[in-house]
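Remarks on the structure that follows.
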Amino acid sequence: MSETASKAARSTWTVTYWLLTVVFIVTAVLSIRRIPAGFLSNYAADLACPPWLYIGLRGLHGHRGPTTLGRYFGATPERAALVLFGGSTLTELSQMWWPHGFFAGTYDPYDIVAYAIGVGACYAFEKVSLSRVRRTARTAH
């Protein structure tokens with residue numbers, strides 16, 4: 001595996017992780033303070049949180065690698081994407097069946113679309129970056 005390509009990919013994941021962290025914090029503050037901010041307060045967290053969890057679960061953002069949970073639930077890009085999309089979708093569906101439950105809120109099918117976009121983007125980017133790293137490693141030998 002090419003060391004330069006690997007470092008570049010890790011750097012991109014780290015920057016993305018911290019940008020998503022900022023988006024998540026901003027949307028949390030807006031939500032806690034009940035400040036309506038259109039798209040930012042309605043869908044930004046739905047777009048940012050699943051990819052943030054994907055990056056963390058896969059251990060893509062740091063030098064330590066995945067956690068114990070990540071080694072199981074994020075063992076492969078496919079497993080991580082399915083677990084996170086499935087879990088996010090179930091929390092949204094629970095709002096329809098149990099609106100005042102643990103994940104209290106209003107069911108919105110566009111939230112599920114946002115989850116798919118966020119997790120799908122991470123999955124696609126990881127698969128593309130993995131193939132580039134592998135291709136670079138093959139040509140280096």
### Query
What helices in the chain pass both tests, a Cα length along the helix axis of 24 Å or more and a mean Kyte hydropathy of -0.5 or higher, using whole DSSP H runs?
3-32, 77-97, 109-140
### Query
Running Debye on the chain with equal point scatterers at the Cα sites and no solvent, what base-10 log of I(q)/I(0) appears at q = 0.19 Å⁻¹?
-1.14
### Query
Per residue of the chain, what 222 nm ellipticity follows from adding -39500 (n - 2.57) for every DSSP H run with n ≥ 4, rounded to the nearest 500?
-26000 deg cm²/dmol
### Message
Given the options Phe103, Tyr43, Val128, identify the residue whose Cα lies farthest towards the positive end of the charge dipole of the chain (+1 on Cβ of Lys, Arg; -1 on Cβ of Asp, Glu).
### Response
Val128
### Size of electric dipole in the range 3-140: Cβ of Lys, Arg +1 and of Asp, Glu -1, about Cα centre, debye, nearest 20
700 debye
### Message
Going by average Cβ density within 10 Å per residue, which order do the peptides 113-124, 21-32, 43-54 take, highest to lowest?
### Response
43-54, 113-124, 21-32
### Summary
Taking N as the number of residues in the range 1-77, the ratio of its alpha carbon radius of gyration to 2.2 N^0.38 Å works out to 1.29
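Read the figures in this text as sums done on the coordinates, not as results from a lab. From a predicted model like this one, the values you see are computed outputs, not experimental measurements. Cβ: placed from backbone, ideal geometry, glycine included. Neighbour counts: every protein chain shown.
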